[in-house]
Amino acid sequence: MSESFSAAPQVAIISPPDTALNDQDRLQALERSGLMDSAVEEVFDRAVRLASRILKAPVSLLSLVDTERQFFKAQTGLADPVAEARETPLSHSFCQHVVRQNEPLRVIDARTDQRVKDNLAIRDLNVIAYLGVPVRAHGGEILGSLCAIMPEPREWTDDDLANLSAVAQLVESEIALRESLANMEREKTFFRDVLDQLPIGIVIAEVPSAAIVMTNKKGLVLVNEEVSAEKAQDYRGLGAQHLTGARYRAAEYPLVRTVVEGETVVNEPMLYRRGDGSLIELEVSSQRVGNDQKTAVATFVDVTDRKQAETSAQEARTQLLQVLEATSDPVLFLKNDWTITYANKAFVKAFAGSRDLAGQTVWKAFPGWKGNPLWHAFHDATENDAIETAELFLEKTGQRYEARAFPSGDDLTVFFRDVTTERQVVETRQLLVRELNHRVKNLFAVVSGMISMTSRHTRTPAEMAKALRGRVHALARAHELIRPAVTQEDIGQPDVSLQNLVASLIEPHLTHENDQITIEGPALSLGANGSTSLAMVLHELATNAAKYGALSVPEGRLVVRWSTRADVVYMTWAESGGPQVEHEQSVSGFGSTLIDMSIRSQLRGTLDLHWRPEGLVVEFCLPLSRLQA
């Protein structure tokens with residue numbers, strides 16, 4: 001062109017930018033476009049050359065406007081130094097008005113146009129006629145203007161405006177395409193960053209080629225090698241193995257099966273030989289994704305540690321169950337819904353017989369436990385997350401069990417312990433402490449009675465002393481027989497015969513000759529435990545006979561007989577000739593309890609008391625094995 005547009009812009013006062021130029025959405029869109037201060041690009045240069053040629057204008061610009069300047073992304077017809085600088089301040093910008101007004105700007109003669117007559121571009125750049133149209137981002141924000149400039153006045157036609165707008169649309173399409181590609185790249189980067197943060201391995205393959213297009217960082221760490229292009233194409237050299245140790249063929253890989261056959265694979269176990277030679281165990285899942293199903297994704301998780309932990313836990317559980325099966329104490333495992341998950345042999349034997357408890361709730365299996373102390377202990381343990389203890393009594397067997405319930409998460413473990421013997425020992429000890437007090441009182445009564453009766457049947461003090469001394473010694477020997485039971489002391493007592501035991505216990509209470517009693521029965525040796533338990537019973541009967549029965553008067557008689565049949569000892573204590581029994585009486589309250597406990601609980605036998613007019617008759621049935629224990 002013949003006119004010059006090379007004058008350098010002069011410094012001018014710029015009016016404060018208005019709201020349209022400062023709009024944050026517009027400025028952010030301008031920044032996102034990446035066009036400000038970017039290099040020259042042929043695609044945009046072609047657009048301004050096309051506009052210049054169509055409109056027959058010597059100058060055409062693609063001007064991007066921010067709050068302080070306009071930047072020429074593309075230009076034709078400008079001379080240096082403006083062409084080289086590729087920008088001017090807003091004092092030399094007509095394009096800012098396009099942005100402000102959000103519409104095309106037509107200027108026939110800038111020198112007389114009130115809108116721009118003071119713009120320094122008239123003087124410095126010889127801008128006389130101007131036609132500019134908005135250039136927008138994909139979201140509609142105005143980035144700047146595509147314009148045509150003349151160095152002389154010009155009447156711009158509607159065709160001129162339409163032609164320039166058409167070229168601007170081409171520019172906007174290119175910008176939108178670039179923005180779309182940039183968004184796609186940002187999304188791709190974001191997607192890749194997200195995948196790289198996941199704690200599982202991920203492989204993405206194309207359909208239908210099955211070529212691997214991406215493996216995330218965790219996947220590369222798990223296989224400990226780079227997946228080369230060759231491996232990504234045909235899977236050769238990858239280290240996957242079946243659990244049998246056989247290598248995977250390409251067609252057997254879960255991802256390939258998903259690509260080729262559309263199979264969805266869930267947690268398939270796989271061994272993998274890593275790049276460093278170590279072998280790990282994976283669980284692999286794969287499926288097609290996307291609306292077009294053109295992509296297949298496989299995920300794989302390293303379960304080596306988990307499998308080893310599960311194996312160790314199973315081994316520990318197996319060992320624990322072996323211990324629990326070997327113990328004689330019952331053990332019960334429950335879930336929080338009271339379902340029985342395990343009961344050892346001892347528990348089944350003690351409480352269930354031959355019943356199958358699997359899958360049942362404890363309350364269904366043992367309805368009698370509802371509402372008892374065990375029921376309360378179980379509920380308290382689970383509700384308070386604390387160890388609870390209760391006692392269970394089995395009426396059928398007479399056994400007592402202490403149950404300790406241990407809560408652990410959703411489980412409840414209950415350990416049972418047979419405390420029958422312990423409780424019996426405690427009860428016996430308490431009973432025998434009372435018996436000791438009872439015996440001391442009786443002892444004074446018996447000694448007093450001995451003195452009284454001996455004095456009536458002796459003539460001299462020496463004779464009385466001799467007889468009394470013998471009876472006191474006999475009383476001491478009888479006391480020695482029952483002392484182990486009273487004191488709960490194991491003194492290694494030797495076996496004694498039943499006849500000697502009976503004679504020793506009755507002798508202290510005799511006031512006449514030995515024909516006052518009859519002792520008959522086969523020779524029978526008694527063990528230490530059996531003799532002490534039976535001695536307690538005979539001593540109680542002899543004491544009561546001496547106080548109230550046949551041994552309390554000279555004419556009284558006592559017969560003690562026994563026989564054995566089928567390992568059972570049948571024994572009879574029969575009194576006669578004593579004070580007449582007018583109605584059924586009871587051996588002293590405590591004595592009755594002592595006799596009953598000794599016969600039934602300790603000797604596991606039975607007894608019957610008959611209160612006949614002529615005297616008391618007691619019949620015993622005692623297991624021989626308990627007497628000889």
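Checked against (1) surrounded by fewer than 17 Cβ atoms within 10 Å (Cβ to Cβ); (2) free of Cβ contacts under 8 Å to residues at least 40 places away in the same chain, Asp567 passes all but condition (2).
Condition check ((1) closer than 30 Å to Leu594 by Cβ; (2) assigned to a helix (DSSP H, G or I); (3) among the charged types (D, E, K, R)) across all residues:
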position	(1), (2), (3)
Arg317	no, yes, yes
Leu320	no, yes, no
Leu324	no, yes, no
Lys364	no, yes, yes
Leu392	yes, no, no
Lys396	yes, no, yes
Arg400	yes, no, yes
Val414	no, no, no
Thr421	yes, yes, no
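Yes or no, residue by residue, for (1) open to solvent by 10 Å² or more (accessible area, probe 1.4 Å); (2) at pLDDT 95 or above; (3) touching a helix residue (DSSP H, G or I) at 6+ places or on another chain (Cβ under 6 Å):
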site	(1), (2), (3)
Pro58	yes, yes, no
Phe72	no, yes, no
Leu78	yes, no, no
Gln101	yes, no, no
Val107	no, yes, no
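Search region 570-629 for residues being among the aromatic types (Phe, Trp, Tyr) and more than 17 Å from Gly521 (Cβ to Cβ), and hand back the single one that is modelled with the highest pLDDT. Per the criteria, the residue is Trp611.
Looking for whichever is open to solvent by less than 30 Å² (accessible area, probe 1.4 Å) and out of contact with any His (no Cβ under 9 Å at 6 or more places or on another chain) here; the options are Ala386, Ala377. Which one fits? None of the others qualify; the one that does is Ala377. Across region 124-135, the qualifying residues are those that are touching a helix residue (DSSP H, G or I) at 6+ places or on another chain (Cβ under 9 Å) and at pLDDT below 95, and the one among them that is surrounded by the fewest Cβ atoms within 10 Å (Cβ to Cβ) is Asp124.
Look at (1) open to solvent by 50 Å² or more (accessible area, probe 1.4 Å); (2) of a type in the set (D, E, K, R); (3) modelled with pLDDT of 90 or more and you find that Glu268 fails only one, number (1). Which residue pairs have Cβ atoms closer than 9 Å, lie 6 or more positions apart in sequence or on different chains, and pair a first residue in region 410-422 that is without any contact (Cβ under 8 Å) to a residue 60 or more places away in the chain with a second residue that is in a loop (DSSP other than H, G, I, E, B)? From residues that are without any contact (Cβ under 8 Å) to a residue 60 or more places away in the chain, the pairs are Thr420/Thr397; Thr420/Gly398. The set of residues in region 28-48 that are in a helix (DSSP H, G or I), open to solvent by less than 50 Å² (accessible area, probe 1.4 Å) and free of Cβ contacts under 8 Å to residues at least 60 places away in the same chain contains only Asp45.
Condition first: open to solvent by 60 Å² or more (accessible area, probe 1.4 Å), at pLDDT 80 or above, out of contact with any Lys or Arg (no Cβ under 8 Å at 6 or more places or on another chain) and outside any helix (DSSP H, G or I). Can you find one or more residues in region 445-465 that meet it? So far as region 445-465 goes, yes, one or more of its residues are open to solvent by 60 Å² or more (accessible area, probe 1.4 Å), at pLDDT 80 or above, out of contact with any Lys or Arg (no Cβ under 8 Å at 6 or more places or on another chain) and outside any helix (DSSP H, G or I). Residues of region 241-264 that are on the phi < 0 side of the Ramachandran plot, small (Gly, Ala, Ser) and at pLDDT 90 or above: Ala246 alone.
What do you reckon, is Val289 crowded, with 17+ Cβ neighbours inside 10 Å, over 24 Å from Glu310 (Cα atoms) and under 35 Å from the mean Cα position of the chain (by Cα)? In short, no. The residues in region 605-623 that are open to solvent by 30 Å² or more (accessible area, probe 1.4 Å) and in contact (Cβ under 8 Å) with a residue 24 or more places away in the chain can be counted, and the count is 7. Note on region 335-349: residues that are closer than 11 Å to Trp363 by Cα and surrounded by 14 or more Cβ atoms within 10 Å (Cβ to Cβ) amount to 3. Residue count for region 521-564, restricted to those that are under 23 Å from Ser592 (Cα atoms), open to solvent by 20 Å² or more (accessible area, probe 1.4 Å) and charged (D, E, K, R): 3. Within region 93-115, residues that are without any contact (Cβ under 8 Å) to a residue 12 or more places away in the chain have Cβ atoms under 7 Å from residues that are not basic (Lys, Arg) in these pairs: Asp113/Val107, counting only partners at least 6 apart in sequence or on another chain. Of all the residues in region 302-317, those that are within 30 Å of Val419 (Cβ to Cβ) and loosely packed, with under 11 Cβ neighbours inside 10 Å number 1. Quick one: in region 110-123, which of the residues that are of a type in the set (Val, Ile, Thr) and surrounded by 13 or more Cβ atoms within 10 Å (Cβ to Cβ) is nearest to Arg100 (Cα to Cα)? It comes out as Val116.
The values are calculated or read from the model by the stated rules, or taken from the named source; none is laboratory data. Here the structure is a predicted model, which is why all the values come from computation and not from measurement. Neighbour counts run over all protein chains shown; Cβ positions are idealised from the backbone, glycine included. Each accessible area value is taken on the protein alone, full model and side chains, heavy atoms only, with ligands, DNA and RNA left out. Shrake-Rupley method; radii C 1.70, N 1.55, O 1.52, S 1.80 Å.
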